[in-house]
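Trainee: So that we are looking at the same thing, I have put the structure below in structure tokens.
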Amino acid sequence: MTDTFPVLDLRDAAGSEEDRAAFLSRLRTAVHEIGFFQLVGHGIEDADDMLELTRRFFALPEADRLALNILDSPLFRGYSELGREHTKGIPDQRRQLDIGPEQAATPSAPGDPAYRCLIGRNQWPAAMPELRPAIESWITRLTDLSHRLLRLLLESLDAPAGFLDDVVDPDPQIHLKLLHYPGPTQPGEDAGAGQGTGIHNDLGLLTLLVQDDNGGLQVAVEEDRFADVPVIPGAFVVNLGELLEVATRGYVRATLHRVVRPAPGVDRYSIPFFYNPRLDATMQPLPSPYVEGAGGVIDVAGNPLFALYGDNVMKGLIRSFPDIVARHHPNLAPAAGSRSS
Ligand SMILES: O=C(O)CCC(=O)C(=O)O
Ligand SMILES: [Fe+2]
């Protein structure tokens, strides 16, 4: 696998026939070989404003942030203190605000699938009323962009462009995080100590990430060898989630990645947007010649890939937020010793 992260310009997809064909061919290579690329020419110009809002959110008094404490949310939504979310059983050294689809909560009935607990409302900061409309506008525009990209991706695989429309229609289970990675602050704390975000795959279809200019996101290019994702101002870093790996029998790669902690005194901010199927959608294999010849998903011990999105996302949340599971969903807690990633 090469260490070069392809840069794709979305304007090419709307350009001449040659430009469009070249775009689709580079897209297919990127999603197959590395599972990461950077997208420019997408027409969304306010990433810096979103990063600035993110900085301001994390600069609010701690009491204002803790008023949204994720520990109080059976939906896994709200504010997480440093170390609340875990990857591979180890606390991630980041603070975050988790936002999902804004929907009325529905009472659950006996026998309902566990993922129904994820339906409900977000927690928004009273001390920063401008955050909600800004994030909602961002989500609307990134949902449209992701859908367009998904259709182009299917086209690049010679599959019908609309084949996955009904798994995201009418309400994709989008997920947005505002993230703050503070560098170590204690005297004597080693910059290498602790993980920003541990090694993981994303769970759904596509991730569109804005990162600030500190860098720190790394992609596994070989087992135990990671490459830095370069910072390109204004570009989205795009990667593919496990459900696309399932739908393409492994032709599209959900590539492992991580974030290293910033140096002491450095604060890194980023905003991933996860474009996911509906909670109750099940992925079917894409009708595509590339998929027919693909070797199958990479099944790693301790990380089964579920074709039903609700099951796949619950797998991730249960291992990432043990304190929320213990408090709100003790029946979902993994048996002792069984959590491995
Ligand atoms: O902060 C980043 O750059 C990436 C975070 C990430 O990979 C995730 O939250 O899934
Ligand atoms: Fe990720």
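Trainee: Over the alpha-carbon set of the range 196-291, work out the extent along each principal axis and list the three values in angstrom, largest first.
Mentor: Projected onto its principal axes, the Cα set of the range 196-291 covers 49, 29, 22 Å.
Trainee: Which of the helices in the chain meet the span-like rule: DSSP H, Cα axial reach of 27 Å or more, Kyte-Doolittle mean at least -1.0?
Mentor: 131-156
Trainee: Counting DSSP beta bridges with both partners in the chain, what percentage is antiparallel, nearest 5?
Mentor: So the antiparallel bridges in the chain amount to around 90 percent.
Trainee: For the range 7-331, give the percent of accessible area contributed by carbon and sulfur heavy atoms, probe 1.4 Å, rounded to a whole number.
Mentor: 51 percent
Trainee: How high is the FRET efficiency between Asn69 and Asp112 when r is their beta carbon distance and R₀ equals 30 Å, given to the nearest 0.05?
Mentor: Details: r = 25 Å, r/R0 = 0.85.
The computed FRET efficiency comes out at 0.75.
Trainee: Another question, if that's okay. Contour minus end-to-end for Glu45 and Glu102, with contour as 0.36 nm per residue of separation and end-to-end as the Cα-Cα distance? Can you show the working numbers first?
Mentor: Values: separation 57, 0.36 × 57 = 20.52 nm, distance 2.43 nm.
Between Glu45 and Glu102, full extension yields an extra 18.1 nm.
Trainee: Which log10 I(q)/I(0) values, to two decimals, does the range 7-331 give at q = 0.10 Å⁻¹ under the Debye formula with one point per Cα?
Mentor: Calculated log10 I(q)/I(0) at the listed q: -0.56.
Trainee: Another one. Considering only protein heavy atoms, with the full assembly of protein chains and a 1.4 angstrom probe, order Trp124, Trp138 by accessible area, largest first. Please list the in-between numbers first.
Mentor: Working: Trp124 45, Trp138 0 Å².
So the residues, ranked largest to smallest area, are Trp124, Trp138.
Trainee: Something else: Sort largest first and round to whole Å: the equivalent ellipsoid semi-axes of the range 268-339, each the square root of five times a Cα gyration tensor eigenvalue.
Mentor: In descending order the semi-axes read 28, 17, 13 Å.
Trainee: When all C-alpha to C-alpha distances in the range 79-134 are sorted into bins of 5 Å, what percent of pairs does each bin hold, rounded to whole numbers?
Mentor: 4, 15, 16, 17, 19, 17, 10, 2
Trainee: Using alpha-carbon positions, what is the distance between the centroids of the range 137-190 and the range 281-341, in Å?
Mentor: 18 Å
Trainee: Moving on. With just the Cα atoms of the range 1-80, tell me how far they stretch along each of the three principal axes, in Å, largest first.
Mentor: Sorted largest first, the three principal extents are 55, 27, 24 Å.
Trainee: Given H placed 1.01 Å from N in the peptide plane, which residues other than close sequence neighbours of Leu206 have an amide H under 5 Å from its amide H?
Mentor: Under 5 Å from the amide H of Leu206 lie the amide H atoms of Gly241, Tyr275, each far enough along the sequence or on another chain.
Trainee: In addition: Please give the per residue volume of the convex hull enclosing the alpha carbon atoms of the range 182-341, rounded to a whole number of Å³.
Mentor: For the range 182-341, the hull spanned by Cα atoms encloses 151 Å³ per residue.
Trainee: Which value in nm describes the separation of the simple spin-label points at Thr282 and Val300, placed 7 Å from the Cα toward the beta carbon?
Mentor: Roughly 2.7 nm, to one decimal.
Trainee: From the helices alone, meaning DSSP H stretches of at least four residues, give me the mean residue ellipticity at 222 nm for the chain, per-run term -39500 (n - 2.57), in deg cm²/dmol to the nearest 500.
Mentor: Per the formula, -8000 deg cm²/dmol.
The values are calculated or read from the model by the stated rules, or taken from the named source; none is laboratory data. In this text, all values refer to a predicted model and were calculated from it rather than measured experimentally. As a convention, Cβ positions derive from the backbone with ideal geometry for all residues, glycine included, and neighbour counts pool all protein chains shown. With ligands, DNA and RNA removed, areas are computed over all heavy atoms of the protein, side chains included. Shrake-Rupley method; radii C 1.70, N 1.55, O 1.52, S 1.80 Å.
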